[in-house]
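This report concerns only the one structure given below.
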Amino acid sequence: MDHTEALRDDALAAILGRLQTHDLAGSRCVRRAWHAVVDARRLLLPHSAEGIFANYNDHHRSQFLARPSTSCVDHSNLHFLPNYTEGHRKIADHCKVLLLYGDTREFFVANPATRRWQRLPGAHDDGECREAYLAFDPAASPHYEVFFFKKGPFIT
């Protein structure tokens, strides 16, 4: 018997709200009722940022900057991303909890909290260099948008 069915939504929200972001995101897959409570109460949104990623011209990959923490979670570990250790790809953009990762020809959208990623369809195989931008508003839709712009000559 599942004893969580007997809990009121506010009690379940209080319990789920104590989970770390990664675990809270995963809990949405356990039961439909949990998914509904997490989304209705917007439990994933109020978590504070653990740090920021920065791209430096003289580094091969993005650097994670954060205050010292006693947390055992390593938010800078993005080794779950494809070809991350090769060093030629960077975080091109970010929006809310998602990262846009890649180079000028191949991009991935990743969620570090859930360690899930998706390669964007092969629209970049034409040899053109592109700038990419990510748009995501989880309050409006669970879907993200990626916009590509061709790199062109600068107008002076």
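Select, from Ser141, Ser76, the only residue that is modelled with pLDDT of 75 or more and either among the charged types (D, E, K, R) or assigned to a loop (DSSP other than H, G, I, E, B) (or both).
Working: Ser76 fails: modelled with pLDDT of 75 or more.
Of the residues listed, the single one that is modelled with pLDDT of 75 or more and either among the charged types (D, E, K, R) or assigned to a loop (DSSP other than H, G, I, E, B) (or both) is Ser141.
So Phe154 clears everything in (1) at pLDDT 65 or above; (2) surrounded by fewer than 15 Cβ atoms within 10 Å (Cβ to Cβ) except one condition, right? Which one?
Answer for Phe154: the failing condition is (1).
The values are calculated or read from the model by the stated rules, or taken from the named source; none is laboratory data. If you're wondering where the values come from, they're calculated on a predicted model, not measured in any experiment. Counting neighbours? That spans all protein chains shown, and the Cβs are built from the backbone with ideal geometry, glycine included.
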